[in-house]
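Take a look at the structure below.
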Amino acid sequence: MLPTRASYVEINTQALAHNFQVMRTLLGPQMEIMAVVKANAYGCGALEVSRVFIEQGAAYLGVATLDEALEIRQEFKTIPILILGFTPDHMAESLIKANITQTLFSQKQACHFSDMALKLGRKLKVHIKVDTGMSRLGYFPTPKNARIIAKIAQLEGLEVEGIFTHHSNADALYHNYAQQQAVRFVDFLAHLERVGLEFKYKHMANSAAAICLPSFGMNLVRIGLALYGLHPSIYTEHALQQRHLALRHVLTLKAHIVSLKSIPAGRLVGYGEDYYCIKKTRVGVLPLGYGDGFSKILGNKAWGLLHGQKVPVIGGVCMDQCFIKLDSMRAQEGDEVVLLGDPLSGAMGAGDIAKILGIINYEAITMLTKRLPRVYYT
Ligand SMILES: *Cc1c(COP(=O)(O)O)cnc(C)c1O
């Protein structure tokens, strides 16, 4: 089907499947994979992407919010979905009715959720979060907190299905901090086991840890970025290379030239004075702007790829449109320009955008808004 706009995001579903299988190969058949599809599957489209990963054998899907979980649950009735973040107490009912798994890091909330589940004649599945060094959500791994977790495990309305922690620095060159986190978690699990607490799922690794670190006895990994064909850092890329594995490019941002004009010398292009034509300049207008997640800061810095050749983005990026400079290139209205693509093709990659904006790969694709149609191909 043709996209409804002349700018859109193309998603290669075969590359998504390939990347899932790369991680499968790397991790071996015993390790279960949670495909993390939060934030609209890192900009790739939550529903279509979830379908691919379910087909590929994901044991779980991971999201950040209840709304994200519910969107997926409407379409996929049975796949387990874990909310990695907080859900407000007053949303307990829809959480329980939709059979979503919730992350827990508060005894008070555990009691509330349990009561509500009992009222509905159901059980809520939960995973306990442990803070081993990220300093974000979770219980510190102390004997006192082990006793609290034991109390939570006794609540009638809950099924404590899993326990997890999260790495803060697994994509670094040296893994001393990541190792410390892992050891703290493993020691805590051993302590919990001694007091009779066991869990179906024990998990710790994100993409970087799954690529660079051993399993530490876990049986589930939570993979996001790598599935989308991008690396958390050059170190994870290098580590995968050494295993003779490579991720495939997934997401391409395209816009068509909707207007092509020669601008006389002495004119300004776009708002303000970001670009001044010192001579007659051939300019193409693209229907893509910061309202689509193509940041204003990219103006006069980014480039597009037209018929395989680089074309500079000039002037300030507007909310809905931006400009490219064409010089004497072969170009006509309707031609397609790649604004984010496979860097091997010469296109600007997520890494190039990240460098210009001072952000990371994650943000470069996640910031593409829902206004852009997603087009899927194999
Ligand atoms: C987003 C997230 C992940 C996935 O991380 P990647 O680096 O994209 O693999 C895993 N676990 C938690 C708790 C997350 O929030």
Check: Using alpha carbon centroids, what distance separates region 1-34 and region 325-370, in Å?
Finding: 20 Å
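Taking the Cα centre of region 48-175 as origin, work out the dipole magnitude from +1 charges on Lys and Arg Cβ and -1 charges on Asp and Glu Cβ, in debye rounded to 20.
Working: 14 positive and 14 negative charges, 110 e Å.
Around 520 debye, computed over region 48-175.
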Check: So which trypsin sites (Lys or Arg not before Pro) in region 1-80 are both in a DSSP loop and have at most 16 other Cβ atoms within 10 Å of their Cβ?
Finding: Arg5, Lys77
Note to self: Would region 67-186 count as rounded, prolate or oblate if I go by the C-alpha gyration tensor, calling it rounded below 1.5 in a/c and otherwise prolate when a/b exceeds b/c, oblate otherwise?
What the structure shows: oblate
Checklist line | Probe 1.4 Å, accessible area per residue of the chain, Å² | finding: 45 Å²
Next item on the list: Could you go through region 125-131 in sequence order and give the Karplus-derived ³J(HN,Hα) for each residue, using 6.51 cos²θ - 1.76 cosθ + 1.60 with θ = phi - 60°, rounded to whole Hz, and x for Gly and Pro?
Entry: 7, 9, 10, 7, 9, 10, 9
Checklist line | Charged-residue dipole, Cβ positions (Lys, Arg, Asp, Glu), region 185-258 about Cα centre, Debye nearest 20 | finding: 260 debye
Check: According to the square roots a ≥ b ≥ c of the eigenvalues of the Cα gyration tensor, what is the shape class of region 1-119, taking rounded for a/c under 1.5, prolate for a/b larger than b/c otherwise, and oblate for the remainder?
Finding: oblate
Item checked: At R0 = 45 Å, FRET efficiency that the Cβ-Cβ distance of Met1 and His112 yields, to 0.05 -> 0.50
Item checked: Residue-averaged 222 nm ellipticity for the chain, from DSSP H runs of 4+ at -39500 (n - 2.57), nearest 500 -> -9000 deg cm²/dmol
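Counting only GluC sites (Glu not before Pro) that sit in a DSSP loop (anything but H, G, I, E, B) with at most 11 other Cβ atoms within 10 Å, what is the longest stretch of the chain containing none of them?
1-155
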Next item on the list: Hey, can you grab everything whose amide H is under 5 Å from the amide H of Phe140? Only 5+ residues off in sequence or another chain; H modelled, so Pro and N-termini drop out.
Entry: Asp131
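List the trypsin sites (Lys or Arg not before Pro) in region 291-378 that DSSP assigns to loop (not H, G, I, E or B) and whose Cβ has at most 14 other Cβ atoms within 10 Å. Which are they?
Arg330, Lys370, Arg371
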Next item on the list: Specify which residue in the list Pro141, Ala69, Gly57 is farthest towards the positive end of the charge dipole of region 28-141, using unit charges on the beta carbon of Lys, Arg (+1) and Asp, Glu (-1), about the Cα centre.
Entry: Pro141
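Go ahead and run the numbers for FRET between Lys77 and Tyr276, Cβ-Cβ distance against an R0 of 56 Å, rounding to 0.05.
The formula returns an efficiency of 0.45 here.
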Check: Got a number for carbon plus sulfur as a percent of region 1-111's accessible area, 1.4 Å probe?
Finding: 55 percent
Margin query: At a threshold of 8 angstrom on Cα-Cα distance, excluding pairs fewer than six apart, so keeping six or more, what relative contact order does the chain reach in percent?
Written below: 18 percent
Item checked: Compactness of the chain as Cα Rg over 2.2 N^0.38 Å, two decimals -> 1.13
Note to self: Once you order the gyration tensor axes a ≥ b ≥ c over the Cα atoms, which shape class does region 300-361 get: rounded for a/c under 1.5, otherwise prolate or oblate by comparing a/b with b/c?
What the structure shows: oblate
Check: How high is the relative contact order of region 61-112, in percent, counting Cα pairs under 8 Å that sit 6 or more residues apart?
Finding: 35 percent
Note to self: Filter Lys279/Lys301; Lys151/Lys202; Lys108/Lys202; Lys38/Lys261 down to the pairs with a C-alpha to C-alpha distance above 30 Å, please.
What the structure shows: Lys38/Lys261
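The values are calculated or read from the model by the stated rules, or taken from the named source; none is laboratory data. These numbers were taken from a predicted model, which means no experiment stands behind them. Using ideal geometry, Cβ is built from the backbone for each residue, glycine included, and neighbour counts are taken over all protein chains shown. These area figures cover heavy atoms from the full protein model, side chains too; ligands, DNA and RNA do not enter into them. Shrake-Rupley method; radii C 1.70, N 1.55, O 1.52, S 1.80 Å.
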